[in-house]
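So the structure is just underneath, and the comments pick up after that.
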Amino acid sequence: MLPYIPRFFQAYELVPPDIYHLKKDKCFELIDVRVLITLDDLRMFFGPCVVNDWFWGGHFEQSGLRTSDAPEFSPTSQHTFGRAMDCKFKEASADKVRQFVIETRLLPHITFLEDDVDWFHFDVRNTEQIVLWSPVTKKSRLV
Ligand SMILES: [Zn+2]
């Protein structure tokens, strides 16, 4: 079976600079294939989407795969395992995207969403589908 190479995302958009410089396009091996497929699907539904923008001089470096030098690093975060992305869509709010995912079920790999934040965090952890968790209230519910 061939590896899945995303249609709309380059490897440097999904990992921090030090990892990209080490592995180049092999970085796709570090990201769960369900995440890569979901990113392409989201891009097709909602248009341009930024995960990391450090390659173009922006300040997002740790919105995809997250490494231990990140201030927000956690050893148990799904970002640590290449199973989570924080997406910033140019033409859609995070709320709108969350609502779409919950209502349509057209993105079958997503099992977990963060609520009450202005980026779209999704991940594909091994859990009941779909858990909506708020970092503000620290509460989660099935949706
Ligand atoms: Zn996240």
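The values are calculated or read from the model by the stated rules, or taken from the named source; none is laboratory data. Treat the numbers as computed from the prediction; the structure is a model and nothing was measured. Every residue, glycine among them, receives a Cβ derived from its backbone with ideal geometry; neighbour counts consider all protein chains shown. Keep in mind that these areas ignore ligands, DNA and RNA; they rest on the heavy atoms of the full protein, side chains included. Shrake-Rupley method; radii C 1.70, N 1.55, O 1.52, S 1.80 Å.
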Answer in debye to the nearest 20: the dipole magnitude of the chain about its Cα centre, from +1 Lys/Arg and -1 Asp/Glu charges placed on Cβ, is 300
How far, in nm, would the chain grow between residue 103 and residue 21 when pulled straight, counting 0.36 nm per residue and subtracting the alpha carbon separation? 25.6 nm
Give me the extension gain from residue 125 to residue 143: residue separation times 0.36 nm, minus the current Cα-Cα distance, reported in nm with one decimal. 4.9 nm
Quick one, what does Rg over Rh come out to for the chain if you take C-alpha atoms and the Kirkwood Rh? 0.94
Quantify, in whole percent, the carbon and sulfur part of the accessible surface of the range 11-142 (1.4 Å probe; protein heavy atoms only). 53
Determine the per residue accessible area of the chain with all protein chains present and a 1.4 angstrom probe, expressed in square angstrom. 55
On a 0 to 90° scale, report how tilted helix 94-104 is relative to the longest principal axis of the chain, with both axes built from alpha carbons and the result rounded to the nearest 10. 60
Note the angle between two axes, namely the Cα long axis of helix 33-46 and the longest principal axis of the Cα atoms of the chain, as a number of degrees from 0 to 90, rounded to the nearest 10. 70
Structure-based [θ]222 nm, the chain - -39500 (n - 2.57) summed over DSSP H runs of at least 4, per residue, nearest 500: -6500 deg cm²/dmol
Residue 74 paired with residue 93, simple spin-label distance in nm, labels 7 Å along Cα-to-beta-carbon: 2.5
Using the Karplus equation 6.51 cos²θ - 1.76 cosθ + 1.60 (θ = phi - 60°), what ³J(HN,Hα) coupling, rounded to whole Hz, does each residue of the range 129-143 give in order, writing x for Gly and Pro? 10, 9, 8, 10, 10, 9, x, 7, 8, 6, 10, 10, 8, 7, 10
Using a Förster distance of 22 Å, how high is the FRET efficiency between residue 55 and residue 2, based on the Cβ-Cβ distance and rounded to 0.05? 0.30
Counting sequence-distant residues (5 or more places) and residues on other chains, those with an amide H built under 5 Å from that of residue 112 are 123, 125, 131
